[in-house]
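Q: Input: one structure, supplied below.
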Amino acid sequence: MSDYQVLEMGGLDEWRGHYGGFTPEKSRDGRRIVDHELTMQYIGMSANAFEPGEEAGYWHVHERIEEVYVFLAGRGQMGLDDDVVDVGPGTVVRVGQGVFRTWRALPDSPEQLRWLCLRAGGEELPELPDDSRRAPERPSPWS
């Protein structure tokens, strides 16, 4: 048996319909904790959607976890310690350990702010973080 799983999350326009959180009291509309549904060993991921004008309403900081936010739609801002960074489609923000963060969708955002948050922790990646092995002799599965 192969070691992979597939999860259909729906298109970006369906993400607001998700409801979830790391614990029941931290659950909200527009959040799906993907690593609660897939067996993920080293990384975590959530899919998120805020309505224009919606905000996290809290700051948080991680001591061991590093996060990468990949913004896919809408316009928003992230508070990062004492800075405010504008975000939109194509913006990627890495947030290291010890940095306080919060975020919001701008009130005049043309659509929902949608993003993925990837989390990882533990050990540093090796200098060459690619342990792949190519198999050029293997035929393409769709040929």
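Q: Please enumerate the residues belonging to segment 1-23 that are charged (D, E, K, R) and closer than 15 Å to L116 by Cα.
A: The answer is E8, D13, E14, R16.
Q: I'm trying to understand the selection: among the residues of segment 56-79, which are closer than 24 Å to M9 by Cα, modelled with pLDDT under 95 and charged (D, E, K, R)?
A: Result: E66, E67.
Q: Still on this structure: Which members of segment 21-34 meet the condition of being out of contact with any Phe, Trp or Tyr (no Cβ under 8 Å at 6 or more places or on another chain) and touching a residue at least 24 places away in the same chain (Cβ under 8 Å)?
A: Result: V34, single match.
Q: Which pairs turn up if I take residues in segment 47-63 that are within 11 Å of R31 (Cβ to Cβ) and look for partners that are in a strand (DSSP E or B) and of a type in the set (S, T, N, Q) with beta carbon separation below 8 Å, at least 6 apart in sequence or on another chain?
A: What qualifies is A56/T102.
Q: A follow-up question, please. Being open to solvent by less than 60 Å² (accessible area, probe 1.4 Å) and farther than 22 Å from E67 by Cα is the filter here; which residues of segment 1-23 pass it?
A: Passing the criteria: G10, G11.
Q: What number of residues in segment 42-87 are touching a strand residue (DSSP E or B) at 6+ places or on another chain (Cβ under 7 Å) and at positive phi?
A: Of the residues in that region, 2 qualify.
The values are calculated or read from the model by the stated rules, or taken from the named source; none is laboratory data. Note that this is a predicted model, so its numbers are computed, not measured. Every residue, glycine among them, receives a Cβ derived from its backbone with ideal geometry; neighbour counts consider all protein chains shown. Accessible surface areas use protein heavy atoms only, side chains included; no ligands, DNA or RNA. Shrake-Rupley method; radii C 1.70, N 1.55, O 1.52, S 1.80 Å.
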